[in-house]
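Chemist: Structure provided below as structure tokens; questions to follow.
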Amino acid sequence: MIISRRTALLGGMVGGVGACATKPQLGSFQNAGAGGEDTFACGVASGDPRPDSVVLWTRVHGVSEGQVPVTVVIAEDESFSRMVWRGKAEAGPQTDYCVKVVADRLEPGKSYAYKFLVFDRESPVGFTKTLPLEAESARFAIASCTNYQYGFFNAYDHIARQEGLDAVLHLGDYLYEYGPDGYGGDVGAAIGRLHEPAKEIVVLDDYRQRHRQYKADPASQRMHAKHPLIAIWDDHETSNDSWKDGAENHQPETEGPWAERKRAAMQAYYEYMPVREPVPGRTREEIWRDYGWGKYLTVTAIESRLTARTKPIGYEQAAPMLAEDGGADRYRAEVLNDPERRLLGAEQMDYVMGSLKRSVDTGAEWRLIANQILFARVSLPALSEYVGEAEIAAIEPLFPEIRDFMAYTSAGLPYNTDSWDGYPVERERFYEASATAGASDLVVLTGDTHQFWANDLKRDDGTHMGVELGTAGITSPGPAGLFGDKAFDFSLLMRRDNPEVRYTDAINNGYLLLSFEEDRGRVDFITMSTVRSPNYTATRGASFDLVKKNGTVEFAKPKGLGFKERVLYR
């Protein structure tokens, strides 16, 4: 019998999780330990590395007025016997006593230890490294979607245990804006991790307090102290499903003007994150930038929320059109494919393409895009033949729109219109400009969906443009929260009905380990056994090689896939 992507699932979508391959365990761990000393209750962090400089961050705790002198020291060794840099700064109320220093005149490609001094108090020691001028390898952890209420940051703890990382790339949703009565609050109440302040955050003091809570988490502190961070934001750093002029979770009539809320969120973000201030002439929203590991690898970080994004138009807003005969086709043609709908905007697109062209012109082997939202074409799978009334009734209290959602699954509409699928003309512009720059070998890194992904990337005409690697949430749950023990079946359907999807895991939390050596890459999908307890087991859920072939990047040598998964991978 010929086994195809469709016939692989026949025989009843049951016993899904049992169809998985045995996964190699990486060990059992305890995410435990206290946070920083009282003066440095938020720990230390570094980020935005350059060949000769890096951003160092901390916060002075327990002070409410006046300026506090702070000393920063950097050494080549943890004992600080070989000091190489010393700087002065002040912590004050204007930045909520956060201290952010750009340590310069450092050597390229070198690891350093650093600490902060306030009077007779010393911070925990942090470790960082600068970008190299020459490289033949690179190694990253890829993280996203860290909801304090939804669980313990076990994946952060595991990242902190990794040796030899060049950086942690955080793709957004570093924190969440909801109160204890919002997303994840029921879990937070059960495990003792409710958001502070105990409300949805809207104004500057709210955002600052929420950042403090996240930075005080011990696993977060260990991860930040161990590795430099390269961070981009997604929506929850401001509010859910944000766009240039608003957000789904912002109500101007009760929460004030969007511009004021966005300004408060941006101020707190720049205060509390180890990121550089905007270059002259740019606004705080225009955070796009790039990084180079010599002439070997480049990372271009984009901004797809606050600069140019047109308002998302989801199925709830389009329901009247979709209810009409031919409504799905009209929705695609008149709404999704409207050429005026933008994500990046012309200025950022020019910057990104300039970055890619420089990467190509210098002969870089690998080109990474640090991106927030799902890039590949992913349509809703046809669920009606697998999900009955009993399942719908069980899901409905958690997902009130489930009946409309089920109706749309038979129309082949996008899985998520908040992703690049909601802006297909802009995606094709991106592909066209990338190809013109000579970059048809992209490795796009993605967060947002709370799912792991290994996707092919193709233009409208089928031209292969590279691959997409999507990471699950550190704690935020995937569709398993809705589909329960059928979540694995759901992921199989996603693969069956979407040719660009080679692999997806809608069940597990975790992160990606991404490594490159010469002309080959490898991605490991690292999963956590639980986020409801600080005692966890880490597992390599799946892995793929990345190979250069025919001018692009392709997947090879899949590991950790079960029988049905291997059939659908083909």
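Chemist: With a sphere of radius 15 Å drawn around the Cβ of Pro124, what net charge do the other residues whose Cβ falls strictly inside it have (Lys, Arg +1; Asp, Glu -1)?
Modeler: Once positives and negatives cancel, what remains is +1.
Chemist: What list of ³J(HN,Hα) values in whole Hz, one per residue of the range 57-64 in order, does the Karplus curve 6.51 cos²θ - 1.76 cosθ + 1.60 (θ = phi - 60°) give from phi, with Gly and Pro shown as x?
Modeler: 9, 7, 9, 8, 9, x, 10, 10
Chemist: For the range 75-194, what proportion of DSSP beta bridges, expressed in % and rounded to the nearest 5, is antiparallel?
Modeler: 65
Chemist: Something else about it: If amide H atoms are built 1.01 Å from N in the plane of the peptide, which residues on other chains or at least 5 residues away come under 5 Å of the amide H of Gly541?
Modeler: Result for Gly541 returns Phe525, Ile526, Thr527.
Chemist: What's the magnitude of the charge dipole for the chain around its Cα centre, counting Lys and Arg as +1 and Asp and Glu as -1 at the beta-carbon? Answer in Debye, nearest 20.
Modeler: 1640
Chemist: While we're on this one: Quick check: pseudo-label points 7 Å beyond the Cα along Cα→Cβ at Asp52 and Lys199, how many nm apart are they?
Modeler: 4.8
Chemist: Please enumerate, by chain and number, the lysines with C-alpha under 27 Å from the C-alpha of Lys88, excluding those fewer than 8 residues away in the same chain.
Modeler: Hits, sequence-local ones excluded: Lys100, Lys110, Lys115, Lys129, Lys215, Lys226.
Chemist: Mind running the shape call on the range 385-543? Use the C-alpha gyration tensor, a ≥ b ≥ c as the square roots of the eigenvalues: rounded below 1.5 for a/c, prolate if a/b tops b/c, oblate otherwise.
Modeler: Taking the square roots of the gyration eigenvalues as a ≥ b ≥ c, the range 385-543 is oblate.
Chemist: Right, another one. Based on a Kirkwood Rh over C-alpha pairs, give the Stokes-Einstein translational diffusion coefficient of the range 354-410 at 20 °C and viscosity 1.002 mPa s in µm²/s.
Modeler: The Stokes-Einstein estimate is 142 µm²/s.
Chemist: Size of the dipole of the range 128-257 about the Cα centre, Lys and Arg at +1 and Asp and Glu at -1 on the beta carbon, nothing else charged, in debye to 20?
Modeler: The calculated dipole for the range 128-257 is roughly 740 debye.
Chemist: From the square roots a ≥ b ≥ c of the eigenvalues of the alpha-carbon gyration tensor of the range 260-415, which class results: rounded (a/c under 1.5), prolate (a/b over b/c), or oblate?
Modeler: Note, shape of the range 260-415 comes out prolate.
Chemist: Within the range 368-407, find all residues whose amide N lies under 14 Å from a label point positioned 7 Å from the Cα of Ala319 along Cα-to-beta-carbon.
Modeler: Within reach of a label on Ala319, which here means backbone N under 14 Å from a point 7 Å along Cα→Cβ, the range 368-407 contributes 399-407.
Chemist: A follow-up question, please. Taking a probe of 1.4 Å, how large is the accessible area per residue of the chain, in Å²?
Modeler: 38
Chemist: Please give every one of the lysines within straight-line cross-link reach of Lys311, meaning a C-alpha to C-alpha distance under 17 Å, and leave out same-chain neighbours fewer than 8 residues apart.
Modeler: Lys244, Lys262
Chemist: Roughly how many whole Å is it from the C-alpha centroid of the range 84-123 to that of the range 177-196?
Modeler: 33
Chemist: May I have the convex hull volume per residue, in Å³, for the Cα set of the range 28-160?
Modeler: Value for the range 28-160: 149 Å³ per residue.
Chemist: Given that just one value was derived from the coordinates, which of (i) 21, 58, 20, 1; (ii) 20, 53, 25, 3; (iii) 11, 20, 12, 16, 20, 10, 5, 3, 1, 1, 0 is P(r) over Cα pairs in 20 Å bins from 0, in percent?
Modeler: Derived directly from the coordinates: (i).
Chemist: What is the diffusion coefficient of the range 181-255 in µm²/s, taking the Kirkwood radius over Cα pairs and the Stokes-Einstein relation at 10 °C with a viscosity of 1.306 mPa s?
Modeler: Answer, rounded: 111 µm²/s.
Chemist: Also: Checking the a/c ratio against 1.5 first, then a/b against b/c, what shape does the Cα gyration tensor give for the range 477-561?
Modeler: Cα axes put the range 477-561 in the oblate bin.
Chemist: Moving on to the next point. Please list, or write none, the lysines whose alpha carbon is within less than 22 Å of the alpha carbon of Lys557, excluding same-chain residues fewer than 8 places away.
Modeler: The reachable lysines, counting only those whose Cα sits under 22 Å from Lys557, are Lys23, Lys458, Lys548, Lys549.
Chemist: Here's another thing I want to ask about it. Share of the chain's accessible area from carbon and sulfur, percent, 1.4 Å?
Modeler: The value for the chain is 51 percent carbon and sulfur by accessible area.
Chemist: What FRET efficiency comes out for Glu136 versus Gln209 if R0 is 41 angstrom and r is the Cβ-Cβ distance? Round to the nearest 0.05.
Modeler: Efficiency, rounded to the nearest 0.05: 0.40.
Chemist: Report the label-to-label distance for Ala259 and Ala32 in nanometres (one decimal), using points 7 Å from each Cα along the Cα→Cβ vector.
Modeler: Inter-label distance under the simple model: 5.3 nm.
Chemist: Amide H to amide H under 5 Å from Gly172: which residues, 5+ apart in sequence or cross-chain, H placed 1.01 Å off N in plane?
Modeler: Long-range HN contacts for Gly172: Cys145, Ile232.
Chemist: Which of Ser440, Tyr511, Thr537 sits farthest toward the positive end of the charge dipole of the range 424-570, with +1 on the Cβ of Lys and Arg and -1 on the Cβ of Asp and Glu?
Modeler: Thr537
Chemist: Another question, then. List residues of the range 280-317, by number, whose backbone nitrogen lies under 11 Å from a label position 7 Å along Cα→C-beta of Lys244.
Modeler: 306-311
Chemist: Convert each backbone phi in the range 165-179 into a coupling constant with the Karplus relation 6.51 cos²θ - 1.76 cosθ + 1.60 (shift: θ = phi - 60°), then list the ³J(HN,Hα) values in order as whole Hz, x for Gly and Pro.
Modeler: 6, 7, 5, 9, 9, 9, 9, x, 6, 5, 9, 10, 8, 6, x
Chemist: I would also like to ask the following. Taking a quarter of the surface of the Cα convex hull of the range 418-470, what do you get in nm²?
Modeler: Over all viewing directions, the range 418-470 projects a mean Cα-hull area of 3.6 nm².
Chemist: On to the next question. Output wanted: per-residue J couplings in Hz (rounded whole) for the range 81-87, from phi through Karplus 6.51 cos²θ - 1.76 cosθ + 1.60, θ = phi - 60°, x for Gly and Pro.
Modeler: 7, 10, 6, 10, 7, 9, x
Chemist: Quickly rank 514-525, 169-180 as a protection proxy: mean count of other C-beta atoms within 10 Å, highest first.
Modeler: Packing order, densest peptide first, comes out as 169-180, 514-525.
The values are calculated or read from the model by the stated rules, or taken from the named source; none is laboratory data. Here the structure is a predicted model, which means the values were calculated and not measured. Quick reminder, even Gly has a Cβ in these numbers, built from the backbone with ideal geometry, and neighbours come from all protein chains shown. Ligands, DNA and RNA are stripped out before the accessible areas are found, and what is left, the full protein with its side chains, is counted by its heavy atoms. Shrake-Rupley method; radii C 1.70, N 1.55, O 1.52, S 1.80 Å.
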